[in-house]
């Protein structure tokens, strides 16, 4: 990235790249000469960044923290488009699919994926899989081979509402699908989260999804990614 910044012509020193562990970020968050800091990761770490910014020079803080964005798929939705949406942006836009019970099987196929980044993330993902086995395991659920940090694409159906695998981000090839039968039920499911970020209702004629938009918290759009660049920022949760 540093080479690209130089090649496009930014003057030396305007953009500086500094890599390091969490302690490096802490130094930036606490530094009296840093006027603004932006952070993307977990809610717990984001709160620490905010505390350090407040205790130093009350610098401006922008946080994009955890999420479990719902993708609400009605029985008349275009399934191919809905599946494509769920996997957009490395699965971060719709990684809590709420699928009408008549469409459940369409979300049962999975594709091959690359390895996880390191041992700690591999162990974290495997711990989520163990927790999730109380739900219906459709596919996967195990390590692939004995070299590298490969995990078989894994899908659970109808996990408990209070389970860790349903409530928290996983950052691995592990997904959940929860089925619903009524609009009232899925609105309650979609709003039952402490996270902010976004989501989308998907249906073919916009009747069900259009009705639901005013009932859903944070930013939602119909059958697509939210147009964040052209809409007022209205996300309210963590």
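The values are calculated or read from the model by the stated rules, or taken from the named source; none is laboratory data. It should be emphasised that the depicted structure is a prediction, and the values quoted were computed from it without experimental measurement. Ideal geometry is used to build each Cβ from the backbone, glycine not excepted, and the neighbour counts take in all protein chains shown.
Please tell me if residue 48 is at pLDDT 90 or above and outside any loop (DSSP other than H, G, I, E, B).
yes
If a residue counts only when it is more than 30 Å from residue 146 (Cβ to Cβ) and modelled with pLDDT under 75, which helices (runs of 4 or more DSSP H) contained entirely in the stretch 64-135 have at least 2 such residues?
The helices (runs of 4 or more DSSP H) meeting that bar are 79-86, 88-91.
Among the residues of the stretch 3-30, which ones are surrounded by 10 or more Cβ atoms within 10 Å (Cβ to Cβ) and over 15 Å from residue 48 (Cβ atoms)?
Of everything in the stretch 3-30, those that are surrounded by 10 or more Cβ atoms within 10 Å (Cβ to Cβ) and over 15 Å from residue 48 (Cβ atoms) turn out to be 5, 6, 10, 15, 20.
So which residues in the stretch 137-153 are in contact with a strand residue (DSSP E or B) (Cβ under 7 Å, 6 or more places away or on another chain), touching a residue at least 24 places away in the same chain (Cβ under 8 Å) and in a loop (DSSP other than H, G, I, E, B)?
Residues satisfying the conditions are 140, 150, 153.
Could you count how many residues in the stretch 162-194 are over 20 Å from residue 43 (Cα atoms) and in contact (Cβ under 8 Å) with a residue 12 or more places away in the chain?
Residues that pass the stated criteria total 13.
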